[in-house]
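Peer 1: Please see the structure below; I have some questions.
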Protein chains: 4
Amino acid sequence: MRIGILTGGGDCPGLNAVIRAVVRKGVTGHGDEVVGFRDGWRGVMDGDSVPLELASVRGILPRGGTVLGTSRTNPYAVDGGPERVLASLERLGIEALIPIGGEDTLGVATRLGEAGVRVVGVPKTIDNDLDATDYTFGFDTAVGVAMEAIDRLHTTGDSHHRTLVVEVMGRHAGWIALHAGMAGGASVVLVPEHPFDVDAVVEHCRHRFASGFSPIVVVSEGAKPANGDLVLSTGAKDAFGHVRLGGIGPALAALIEERTGREARAVVLGHIQRGGTPSPFDRVLATRFGLAAVAAVHDGATGIMVALRGTDIVRVRLSEATAQLKLVPPERYAEAEVFFG
Amino acid sequence: MRIGILTGGGDCPGLNAVIRAVVRKGVTGHGDEVVGFRDGWRGVMDGDSVPLELASVRGILPRGGTVLGTSRTNPYAVDGGPERVLASLERLGIEALIPIGGEDTLGVATRLGEAGVRVVGVPKTIDNDLDATDYTFGFDTAVGVAMEAIDRLHTTGDSHHRTLVVEVMGRHAGWIALHAGMAGGASVVLVPEHPFDVDAVVEHCRHRFASGFSPIVVVSEGAKPANGDLVLSTGAKDAFGHVRLGGIGPALAALIEERTGREARAVVLGHIQRGGTPSPFDRVLATRFGLAAVAAVHDGATGIMVALRGTDIVRVRLSEATAQLKLVPPERYAEAEVFFG
Amino acid sequence: MRIGILTGGGDCPGLNAVIRAVVRKGVTGHGDEVVGFRDGWRGVMDGDSVPLELASVRGILPRGGTVLGTSRTNPYAVDGGPERVLASLERLGIEALIPIGGEDTLGVATRLGEAGVRVVGVPKTIDNDLDATDYTFGFDTAVGVAMEAIDRLHTTGDSHHRTLVVEVMGRHAGWIALHAGMAGGASVVLVPEHPFDVDAVVEHCRHRFASGFSPIVVVSEGAKPANGDLVLSTGAKDAFGHVRLGGIGPALAALIEERTGREARAVVLGHIQRGGTPSPFDRVLATRFGLAAVAAVHDGATGIMVALRGTDIVRVRLSEATAQLKLVPPERYAEAEVFFG
Amino acid sequence: MRIGILTGGGDCPGLNAVIRAVVRKGVTGHGDEVVGFRDGWRGVMDGDSVPLELASVRGILPRGGTVLGTSRTNPYAVDGGPERVLASLERLGIEALIPIGGEDTLGVATRLGEAGVRVVGVPKTIDNDLDATDYTFGFDTAVGVAMEAIDRLHTTGDSHHRTLVVEVMGRHAGWIALHAGMAGGASVVLVPEHPFDVDAVVEHCRHRFASGFSPIVVVSEGAKPANGDLVLSTGAKDAFGHVRLGGIGPALAALIEERTGREARAVVLGHIQRGGTPSPFDRVLATRFGLAAVAAVHDGATGIMVALRGTDIVRVRLSEATAQLKLVPPERYAEAEVFFG
């Protein structure tokens, strides 16, 4: 068979592991030809492709990012986009397509599947917020980067008797904050799903100081206070009387400093959470996703994506898979609260 | 309530995370008193205990090993052992016991449960070979240590055009070898469950050399050749005409060197796989196990152990949990074989 | 002898290694009593101290931060401060003082030495900008954290074809940027000592893109453009017509994005550079500094600090040691420029 | 100019950093052509070479090993070897040669230099035992790998109350053991330069147990007991009545177990010490060595090698550089002894 593969959306540790697995399994196991499209759907629209042979994927397993490049191009948002995709697949003789990506990328895949293209998706979201799979690759690596940062910040916080606020990824779902905070021994974890009470946060910090240690506050970039905005009683405010100091992390640090009377500092981890070599968990998961995608293609499956359930790789309908976000449920958040303060 | 806790058998990254979670949840969440027994069942028999307060568990989350110490003592193998255990629990006013351990430790727990002690076990095996739970903590850390070693060995192997054999833990089950080998891009993975064909191993190594790279062979300590022993055609043999060069790793390296005509070296990872700070996955899993054990105790459960199923922590009967080993199934091994050579 | 020890200024990986070495060498080697002051000179002024025995320093070698706490308190800036210091030392029977710190902390030590206190300083600056020593501990660890971040960012940059700007510590001296940039394979390194030409930076980025890879720009927090401020031709400006987007890193990223027409992102590493476990180099250096400080005390030395020259630990006059900053010399910067672009 | 480059002897983290620096500096800075020889002197003899352009060295900085391959071939030990080397250099138009290697590789370079070839050597020994330079690259990485292993083993040792013996590289010089042991907080460090007293080692282990912690013994592979062989009073012996259990590490563990009456285990780190990504220190040192070698070539220097003195890269005569080993001096060993026990 002739199989196309592409990576779309934000990059994520493990993408290369999927690509390698698809090529190894396709070429060695089935005698397939594998074609890589550059920069996600952009490359499919433009017919910008490269043949992927065994030699093309040697040594890429431990490397972060994607050797194929990525973009956020959506053919359905481009005039004549879908037609160009179909023409391109036709011209290159692609019999099946394996798109690796998140909601947007797989949304395109869903529609192409409905249009008759044989598609088997591989889910990718570093935020782990896809309902149809227990975990997505990249998440464990991101949690690891954040946890190591927290490990480091404990000692500097304790030495200076100051609060440290760590802002991690997670616009809509707080999985990275929850897991990194639990793994790192954070004093407070704030996630988008549970608007936080500023007074309670300050109280946890005070309590931690009282125990002789310094608080670490882990906050998702998308976390929000329960009642309005963060407001400092003193200091610079914007035209609306609100303090806007970059993201939630720095804003929260400023507020905690004011309210506890002790120094607070913020660290915004940013892009280091998504780059670099994948963790063992992510390398194995990504590899198994790649293998399962090729198996699905050869089984004649289409309109599905591979997913993790327990220790098994299963197939789920693409249409259902991307239907809703997986948020941190109240009971998981409550479970973590015993460690606050 | 007054809860006793102990750690038995080989140490494992994550034990301290369980202990901390039990104490935090018990003391803060329920107002429990928690008593730690030293060195596993030995400490229970001897009434060798220490009160565990919040301060006792500060800072232990990221630390490997167990602050309680461990041993392989089995009260049922000691004259009057079970009676001493019961007397000790009575005297110390222990209302429930949380033993953290593997087959042996939980086997004792099972019998004590049948004898009327309220027991809620927490499974621990670095080999991940317990059938009742998707994963055990410590396993992910061990795989990570092995994977990093493999990552390092690739470059030294390629530079010298030599085979490197990595012997990892796994007496009966090959999970560490399978996952580390898949994550590290091994050329061959050998596990106890699937006796290996020496000729095939040599052939994979030759094939790898032919591609311009050097083979990495990952082998479980308990892996065995399918037909008899490893025999060198030349060189020193023991009284039985068999070559015994330490473990399977060095023996295999000697044989591969002889058969491929290129240098081969073995690395036996040993105890570095089980020491040191737990991975984020293991810290979260161990913490959740500890929380769930306390919850189970307060629910009045007994004779059970906590386990991971998908993303949920569930309860399973202790008697069933330790009934059989979880081995690498043929389909998981076959899945990995596409990467051989 | 009765020896006092304190840590002042910003924390730094290796402080605990110094403390441990002083205690081990003092107590075991010489039968000294060692007294630790809490939070730098603040603790000396207040007589806030703790006896340090062998058991007090067990297990602290691999830990970041300082078990003694730190502050920026300067007794000479406090009314009656120096008198309180002298009275405190008198009352506690301190015969010699080992202050560990940077310019400020050692400046106080210098003056106390001139006032008759026996002082042997240990230099500490994570920025490595002390002229009298080849290296200070903490620097190698900070470079390592920054380098690992750069390693991670390469793959995410290449996948998205975007520039990544990494802001590292270094207000006056660019050592961390220089070493981390050289170790991480940065496309441009900007340091405070060499005001940069914005056009040249942009040109290097373009050149890097042209080679098919994405640029990483490493910039010290104290680096400045050669001609005026960073100015965007479009977009939000402050009241003075200048763009102020947090530190130099985000400002530079915004400008590079505008000028290259490709996305750019900034990462500000912040406090994770100074926390956490020290690198092997720093553990050994800090340990040897501690040992040498005790030896100097017992040799009757005073008014000196220990320093690294080549592989030797030597003694230098405190007055000279803190006289001037060690900046990145033009030839070292020029050496790195061959890698730009 | 047309410059040849090769890597000989055992591989070492940082070799690729040297190669990259030579190519970047040569090609970009001077317009040189750089030719890489495969597998050390073997490739020079056979004229087995590859042009090294900027693209050839992209991405190799963080990679361990050597992209050129290596061997232990010595042309002076091969019939007609030197003639073949000279003919090969002639035919390929090589005007200067940069050999990267240890005693053997640079010994060949010395003789070729005397025979009129322009040679500028780059020193490489993971054991750090070259007298003419403060440090060699690769050493810091090896110490880091060993230190991380020791960090891990502390917790497993303490949990089981057992001694752990860690055997590290160092046949003639104990630098890795000394630095890793000091950085890791070992209870005993044994090096080849100072034959050890078995009774003292056992006494240190007992003392450590008495303090409530478990001993870590770090031993160079080349360390030897002061009086004869290691002899167990019981158990299997070889034909000579001596116990031979693999290397010194396992033998020592067996003996300590017998003499202390507590379990002891050995870990032989082996090849993981020399593979994998170089530490920041090593990447910077290797890069600077490469830059300095090209500068020396263009200055017309020959018969020299580059070396580190303090923070400077200097030039030393090849003939002197390889004249004698740098051993751990008694005062450095004595310095470490305060931590024993």
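The values are calculated or read from the model by the stated rules, or taken from the named source; none is laboratory data. Keep in mind that what you see is a predicted model, and the values were worked out from it rather than measured. Glycine also receives a Cβ, built like all others from the backbone with ideal geometry; neighbour counts cover every protein chain displayed. For accessibility, only protein heavy atoms count, side chains too; no ligands or nucleic acids. Shrake-Rupley method; radii C 1.70, N 1.55, O 1.52, S 1.80 Å.
Peer 1: Indicate, rounded to the nearest 5 percent, the antiparallel portion of the DSSP beta bridges found entirely in the protein assembly as shown. Don't skip to the answer; put the middle values down first.
Peer 2: Details: 44 of 156 bridges.
Antiparallel bridges make up about 30 percent of those DSSP assigns within the protein assembly as shown.
Peer 1: I'd like the FRET efficiency for D:D229 and B:E95, computed as 1/(1 + (r/R0)^6) with the beta carbon distance as r and R0 of 56 Å, rounded to 0.05. Working shown, then result.
Peer 2: Working: r = 57 Å, r/R0 = 1.01.
It comes out at approximately 0.50.
Peer 1: For B:G31, place a label point 7 Å out from Cα along the Cα→Cβ vector, do the same in each other copy, and report the separations in nm, one decimal, smallest first.
Peer 2: 5.5, 7.5, 8.7
Peer 1: Name the residue from C:A146, C:A264, C:N227 whose Cα lies farthest towards the positive end of the charge dipole of the range C:139-273, charges +1 on Cβ of Lys and Arg and -1 on Cβ of Asp and Glu.
Peer 2: So the residue furthest toward the plus end is C:A264.
Peer 1: Set the bar at 29 Å for Cα to Cα. Now go through A:K326/B:K25; A:K25/A:K124; A:K25/D:K124 and name every pair that lies beyond it.
Peer 2: Values: A:K326/B:K25 26 Å; A:K25/A:K124 20 Å; A:K25/D:K124 41 Å.
Over 29 Å Cα-Cα: A:K25/D:K124.
Peer 1: Here's something else I'd like to know. Which FRET efficiency value, to the nearest 0.05, do you get for D:R72 and A:T28 by plugging their Cβ-Cβ distance into 1/(1 + (r/R0)^6) with R0 = 45 Å? Intermediate results must be reported in sequence, preceding the final value.
Peer 2: Values: r = 35 Å, r/R0 = 0.77.
That pair, D:R72 with A:T28, gives E of 0.85.
Peer 1: Using only DSSP helix segments of four residues or longer, with each worth -39500 (n - 2.57), what per-residue ellipticity at 222 nm results for the protein assembly as shown after dividing by its residue count and rounding to 500?
Peer 2: Details: 44 runs with 512 residues, N = 1364.
After summing the helix terms and dividing by the residues of the protein assembly as shown, the value is -11500 deg cm²/dmol.
Peer 1: List, shortest first and in nm to one decimal, how far the label point of D:E331 (7 Å from Cα along Cα→Cβ) is from its counterparts in the other copies.
Peer 2: In ascending order, 2.8, 6.8, 6.9 nm.
Peer 1: Hey, any idea what % of the protein assembly as shown's accessible area is carbon plus sulfur with a 1.4 Å probe? Walk me through the numbers on the way to the answer.
Peer 2: Details: 22280 of 45890 Å².
That fraction is 49 percent.
Peer 1: Convex hull over the Cα atoms of the protein assembly as shown, averaged projected area in nm²? Present the calculation step by step, with values, prior to reporting the outcome.
Peer 2: Working: hull surface 203.9 nm².
With every direction weighted equally, the projected area is 51.0 nm².
Peer 1: Need the C-alpha centroid separation for the range C:37-83 versus the range A:265-319, integer Å.
Peer 2: 50 Å
Peer 1: If you take every DSSP beta bridge fully contained in chain C, what fraction is antiparallel? Give it as a percent rounded to 5. Walk me through the numbers on the way to the answer.
Peer 2: Working: 11 of 39 bridges.
Among the beta bridges of chain C, antiparallel pairing accounts for roughly 30 percent.
Peer 1: To the nearest whole number, what is the average tally of beta carbon atoms from other chains within 10 Å of the beta carbons of peptide B:142-154? If you can, show how the numbers build up before the last one.
Peer 2: Numbers: counts 1, 5, 4, 5, 1, 8, 7, 7, 5, 8, 12, 8, 8.
Across B:142-154, the average partner-chain Cβ count within 10 Å equals 6.
Peer 1: Taking 25 Å as R0, compute the FRET efficiency from the Cβ-Cβ separation of C:Q324 and C:D299 and round it to 0.05.
Peer 2: On the way: r = 27 Å, r/R0 = 1.07.
That pair, C:Q324 with C:D299, gives E of 0.40.
Peer 1: What do you get for the angle between helix C:139-160 and the principal long axis of chain C? Use alpha-carbon atoms, 0 to 90 degrees, nearest ten.
Peer 2: For helix C:139-160, the angle is close to 20 degrees.
Peer 1: Quick one: label points 7 angstrom along Cα→Cβ at B:R2, distances to the other copies in nm, smallest first?
Peer 2: Ordered by distance, the counterparts are at 4.5, 7.8, 8.9 nm.
Peer 1: Taking a probe of 1.4 Å, how large is the accessible area per residue of chain A, in Å²? Kindly include the intermediate steps, with their values, before the conclusion.
Peer 2: On the way: 11460 Å² over 341 residues.
Averaged over the residues of chain A, the accessible area is 34 Å².
Peer 1: While we're here: Give the interface area between chains D and C as buried accessible surface, both sides summed, probe 1.4 Å, in Å² to the nearest 100.
Peer 2: On the way: alone 14360 and 14340 Å², together 25290 Å².
The summed interface area works out to 3400 Å².
Peer 1: What average count of beta carbons from other chains do you get within 10 Å of the Cβ of residues in C:301-311?
Peer 2: Working: counts 0, 0, 0, 0, 0, 0, 0, 2, 4, 7, 9.
Taking the mean over all residues of the peptide, I get 2.
Peer 1: Taking each residue of A:179-191 in turn, how many C-beta atoms of other protein chains fall within 10 Å of its C-beta, and what is the average? Walk me through the numbers before you get to the answer.
Peer 2: On the way: counts 5, 3, 1, 9, 13, 4, 9, 0, 0, 0, 0, 0, 0.
That works out to 3 on average.
Peer 1: Under a Cβ-only charge scheme (Lys and Arg +1, Asp and Glu -1), can you give me the dipole magnitude of the range A:87-129 about the Cα centre, in debye to the nearest 20?
Peer 2: Working: 4 positive and 7 negative charges, 43 e Å.
Computed about the Cα centre, the dipole is about 200 debye.
Peer 1: On to the next question. What angle do you read, to the nearest 10 degrees and between 0 and 90, between the alpha-carbon axis of helix D:103-114 and the longest principal axis of chain D?
Peer 2: Helix D:103-114 sits at roughly 30 degrees to that axis.
Peer 1: Just reorder C:T133, D:T110 by solvent-accessible area, largest first, 1.4 Å probe, all chains present. The partial results should precede the final answer.
Peer 2: Values: C:T133 0, D:T110 25 Å².
Greatest to least solvent exposure: D:T110, C:T133.
Peer 1: On to the next question. For the range D:140-273, what is the largest minus smallest coordinate of the Cα atoms on each principal axis, given in angstrom and ordered from greatest to least?
Peer 2: Here the spans come out as 40, 34, 22 Å, largest first.
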